[in-house]
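Accompanying notes for the structure given below.
The values are calculated or read from the model by the stated rules, or taken from the named source; none is laboratory data. All values derive from a computational prediction rather than experimental measurement. Don't worry about glycine lacking a Cβ; one is built from the backbone with ideal geometry, like all the others, and counts go over all protein chains shown.
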Amino acid sequence: MKLLFIGGTGNISAACVRLALIQGHEVFILNRANRDPSAFGIHGATTISADIRDEASVVAAVGSRNFDVVANFIAFKPTDVERDVRLFSGRCSQYFFISSASAYEKPLRHPFVTESHPLKNPYWEYSRDKIACEEACTLAYRRQGFPSVIVRPSLTYDTVWPIAIGGWDDFTFIDRIRRGGEIVVHGDGTSLWTVTHSEDFARGFNGLFGNTGAIGHSFHITSDEVLTWDQLYTTLAEAAGVAPKLIRIPSEFLAAINDWERGNLLGDKAHSAIFDNSKIKHFVPSFKAAISFHEGARRTLAWFEADSSRRKIIPQINNTMDGYIAAWRAALATLPRK
């Protein structure tokens with residue numbers, strides 16, 4: 001099949017591109033060509049250099065090509081989806097919009113999340129925008145038969161750290177714990193969460209290619225491994241060769257002193273999330289998440305340590321964590337002693 005990945009060198013998309021090449025597909029990557037695909041293990045894809053936000057440049061760069069699959073990993077606003085509908089109507093057999101499992105209503109009404117769970121997030125604009133994008137996909141499908149498929153990842157990692165607080169695509173977290181620094185864990189550390197390695201996600205995602213029965217549907221694709229936040233942070237620390245010093249702080253307290261945490265925590269990670277993957281397994285019977293977090297944590301650490309340019313330390317992240325801890329201890333000091 002002929003596949004077009006919009007983005008293609010990101011934390012999730014690079015794994016999907018690599019797998020598509022292994023599977024023998026003809027793969028195109030559309031982006032601004034400011035990242036070397038080979039740095040992400042991508043060899044053999046054709047790069048189409050254009051800014052997806054500039055429709056005229058995309059039209060000129062894509063030319064007369066049609067695609068079996070178009071997958072956009074960098075659509076965040078409904079206008080992005082509406083633009084893609086204009087660009088690719090009649091030019092693809094399937095269009096994949098990458099949404100987010102954070103779109104599911106929080107707190108959950110049922111401990112096991114299926115794709116029919118309500119979409120509602122009053123805490124996080126990012127999630128509300130993803131919901132609006134899904135609505136644009138659905139509307140285009142209903143009104144004009146645009147072949148959209150909605151996919152919702154949940155904290156998927158490979159070249160990023162699957163943590164709530166402490167960094168993302170930098171090395172600050174590992175550097176901090178190796179220096180004996182304290183790590184902030186939201187809540188009491190016992191809520192349940194699901195993280196998924198990007199290579200596992202790719203097996204489910206790519207398995208939908210060519211399945212026209214998936215058009216008009218939504219899917220989440222996650223691991224079936226469920227861990228507490230304490231276990232997640234401890235596993236990462238063990239991969240780094242140290243024991244973590246965890247400081248547990250209520251999510252509501254963190255959200256009160258930093259509005260970002262209102263969406264990040266109250267709108268997502270503060271709530272236990274266990275995903276029922278029956279639907280993706282029905283459409284892709286071979287799908288199974290095979291990479292345990294014990295293994296995946298070591299893979300991600302190895303990726304960062306393979307290149308010194310990836311080991312960036314962000315002072316502001318340390319300052320933020322230090323501020324959280326100081327504020328929490330000051331609040332505790334005001335409590336009456338028994």
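Annotations
- Just so you know, in region 37-46 the residues that are free of Cβ contacts under 8 Å to residues at least 24 places away in the same chain and either part of a loop (DSSP other than H, G, I, E, B) or in contact with a Ser or Thr (Cβ under 6 Å, 6 or more places away or on another chain) (or both) include one that is surrounded by the fewest Cβ atoms within 10 Å (Cβ to Cβ), and it is HIS43.
- Residue-level analysis places ALA164 among those that are surrounded by 21 or more Cβ atoms within 10 Å (Cβ to Cβ) and either among the small types (Gly, Ala, Ser) or closer than 24 Å to LYS288 by Cα (or both).
- Condition check for GLY8: touching a residue at least 60 places away in the same chain (Cβ under 8 Å), over 22 Å from THR138 (Cα atoms) and out of contact with any His (no Cβ under 8 Å at 6 or more places or on another chain): yes
- Selection count where residues are assigned to a helix (DSSP H, G or I) and either out of contact with any strand residue (DSSP E or B) (no Cβ under 7 Å at 6 or more places or on another chain) or not assigned by TED's automatic domain parsing to the domain that holds ILE257 (or both), scope region 300-338: 23
- Restricting region 258-284 to residues that are hydrophobic (A, V, I, L, M, F, W, C) and assigned to a loop (DSSP other than H, G, I, E, B), the residue that is modelled with the highest pLDDT: VAL284
- Restricting attention to region 81-118, the residues that are touching an Asp or Glu at 6+ places or on another chain (Cβ under 9 Å) and part of a helix (DSSP H, G or I) add up to 7.
- The listed residue being hydrophobic (A, V, I, L, M, F, W, C), touching a helix residue (DSSP H, G or I) at 6+ places or on another chain (Cβ under 7 Å) and part of a loop (DSSP other than H, G, I, E, B), out of ALA243, ALA237, ALA297, ALA255: ALA243
- Qualifying residue in region 17-30 (condition: in the same structural domain as VAL149 (by TED's automatic domain parsing), without any contact (Cβ under 8 Å) to a residue 24 or more places away in the chain and either touching a Ser or Thr at 6+ places or on another chain (Cβ under 7 Å) or not in a strand (DSSP E or B) (or both)): yes
- GLY189 over 12 Å from the mean Cα position of the chain (by Cα), among the small types (Gly, Ala, Ser) and not assigned by TED's automatic domain parsing to the domain that holds ARG18: yes
- Failed item in (1) in contact with a Ser or Thr (Cβ under 9 Å, 6 or more places away or on another chain); (2) among the acidic types (Asp, Glu); (3) over 26 Å from ALA290 (Cβ atoms), with ASP175 passing the rest: (1)
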